[in-house]
Amino acid sequence: MDPWWRHAVIYQVYVRSFADSGGDGIGDLPGVRSRLPYLRDLGVDALWLNPFYPSPQADAGYDVSDYRDVDPRFGTLADAEALIEDAHAHGLRLIFDLVPNHTSDQHPWFQAALAAKPGSRERARYLFRDGRGALPPNNWRSAFGGRAWTQVADGQWYLHLFAPQQPDLDWTNEDVRAEFRSILRFWLDRGVDGFRIDVAHGLAKDPAMTDLGHGQATSGPAVEGHPHWDLDEVHDVYRDWRAISDTYAGDRTFVGEVWVADPTRLARYLRPDELHTAFNFTFLLAPWDAKALREAIDESLRAMSEVGAPATWVLSNHDVIRHVTRYGGGATGRRRARAAALLMLALPGGAYVYQGEELGLPEVEDLPADLRQDPTFWRTKGADPGRDGCRVPLPWSGTEPPFGFGSGGTWLPQPPDWSGLTVERQSADPASMLSLYRTALRHRAALTALSPGTLTWLPAAENVLAFERAPGFFCVVNAGERPAAIPPAVPGELLLASDPLTDSRTLPPATAAWYRAEATT
Ligand code: NOJ
């Protein structure tokens, strides 16, 4: 049998916005525990939790001050251990978020570095450099806006590719390497099934720290030759980590957050002795257009097959505009999102579902400035609205905010019209987005058992995608604006459609359908 991570559906739990048990308006680990039955019944295989470690929350937990504990906002270490146990009892695996590129500025190492002298062992764990006269060491930019260097009292500068509260570690330093080996073991010993690696393409930096050249941006997928993204040296780190995870029983896994433009470069992270999988941002970034989607799918499958790794598919996460909104918003966006879900879940490999997409939540675009928390918003003085709009707490039940999220409000306001999008409302409606995800995931589980992990394209009209995914299982997507006939090469019975069909051989616009040669499910 294939290891689970080759075809898993992994649900992303953005802990602070999932479910609040403490009544402070912020989701927490006991909240996640209390909703495990919901996740089991949804039909996912595993959960990826965004960081819940002690953190000043300068970047929603991606500024970690202690990698071996739980922030009191989110619970205790005992809660994390209980969550691992309970999740396993519900048949769900758990992936934690590892943040190796940078620590918090409140991490004891960085505090010690500030107190120490230039050239000291404490400073050598980070990237402290002298400036060029009064100027910073080079022209690198923070991904959140502004420069990537901050000056300390004695005149040296330290590098932070994100917020100043997130100093970058120096991955050529043996203290750093040893510390992360130990952190991995700490959680692996507690039974965690894997790690999502934050900024996995960023750990190695050009030792000469050359200036960013023309066309070399900090944000957006990395292109070759960049001085701090996707350097060859990062691969040593992943080989080292893989050797550790392989000593544990139970198919522990790594998924890399690797923003690179070229799928062939992405595949290098997935060589057999490195990471197991990586997020597929090419698919996420593709517009709602059959040609673009097909290209993204083909490129990904081709690049992954070169290294024997499974592809993964993702439509949304906590860093991007929710796809209902990206695909046009309103009724159009919802329809396309329903069709996209059936497309994604029919593709070979793993899939990621970001919490709330199964409810069809749109981006919340009108959050008041004084409630926004994302450093991107503040560092660009509002020019970039940032990522708070996709992080609004989930609506569970009831008719008004906080919609069953907890007893103490929500850290970001929920739109009142989410009353129609709660889990409670959608569970009772067979036509809801939630019902579609539940049904699709149930069929997918049966499909995974048959599937060879390949896909064969079938001839189809313009703006229609049609493929056979496993013997006798077909997916057709009409990404166009007009009804389209189901291609003759697709036989069989309609299994599931993202929206009602007027007849079983015609797909309305923005609709996807699954067909099965013989009806056994
Ligand atoms: C990627 C994470 O997904 C994002 O939320 C975070 O701000 C950056 N890495 C920095 O850690």
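So for segment 355-374 (the condition being surrounded by 15 or more Cβ atoms within 10 Å (Cβ to Cβ) and polar (S, T, N, Q)), does at least one residue qualify?
Scanning segment 355-374 turns up at least one residue that is surrounded by 15 or more Cβ atoms within 10 Å (Cβ to Cβ) and polar (S, T, N, Q).
Considering each residue of segment 181-213, count those that are part of a helix (DSSP H, G or I) and charged (D, E, K, R), and give that number.
3
Which members of segment 1-30 meet the condition of being touching a strand residue (DSSP E or B) at 6+ places or on another chain (Cβ under 8 Å), in a loop (DSSP other than H, G, I, E, B) and more than 26 Å from Gln373 (Cα to Cα)?
Answer for segment 1-30, where residues must be touching a strand residue (DSSP E or B) at 6+ places or on another chain (Cβ under 8 Å), in a loop (DSSP other than H, G, I, E, B) and more than 26 Å from Gln373 (Cα to Cα): Pro3, His7, Ala8.
Of all residues in segment 69-105, count the ones that are part of a loop (DSSP other than H, G, I, E, B), more than 15 Å from the ligand (Cβ to nearest atom) and either in contact with a helix residue (DSSP H, G or I) (Cβ under 9 Å, 6 or more places away or on another chain) or of a type outside the set (Asp, Glu) (or both).
The qualifying residues number 10.
Which residue is surrounded by the most Cβ atoms within 10 Å (Cβ to Cβ), if the candidates are limited to segment 393-428 and must be β-branched (Val, Ile, Thr) and farther than 16 Å from Gly23 by Cα?
Per the stated criteria, the residue is Thr422.
Quick check: is even one residue across segment 195-216 at pLDDT below 95 and within 16 Å of the ligand (Cβ to nearest atom)?
no
Give the residue, chosen from Ala243, Ala249, that is small (Gly, Ala, Ser), away from the ligand (no atom under 16 Å from the Cβ), out of contact with any strand residue (DSSP E or B) (no Cβ under 6 Å at 6 or more places or on another chain) and assigned to a loop (DSSP other than H, G, I, E, B).
Ala249
When you go through Ser120, Ser182 one by one, which is the residue that is under 22 Å from Ala80 (Cβ atoms), surrounded by fewer than 20 Cβ atoms within 10 Å (Cβ to Cβ) and away from the ligand (no atom under 16 Å from the Cβ)?
Going through Ser120, Ser182 in turn, just one is under 22 Å from Ala80 (Cβ atoms), surrounded by fewer than 20 Cβ atoms within 10 Å (Cβ to Cβ) and away from the ligand (no atom under 16 Å from the Cβ): Ser182.
How about segment 365-422: which of its residues are basic (Lys, Arg) and either touching a His at 6+ places or on another chain (Cβ under 7 Å) or in a loop (DSSP other than H, G, I, E, B) (or both)?
Scanning segment 365-422 gives Arg372, Lys381, Arg387, Arg391.
Name the pairs whose Cβ atoms lie under 6 Å apart, with the first residue in segment 301-314 and polar (S, T, N, Q), the second in a strand (DSSP E or B) and at pLDDT 95 or above, and 6 or more positions between them or separate chains?
As it stands, the answer is Thr312/Thr277; Thr312/Gly350, since those pairs meet every condition given.
The values are calculated or read from the model by the stated rules, or taken from the named source; none is laboratory data. Keep in mind that this is a model prediction, so the values were computed, not measured. A quick note on method: Cβ atoms are made from the backbone with ideal geometry, for glycine too, and the neighbour counts reach across all protein chains shown.
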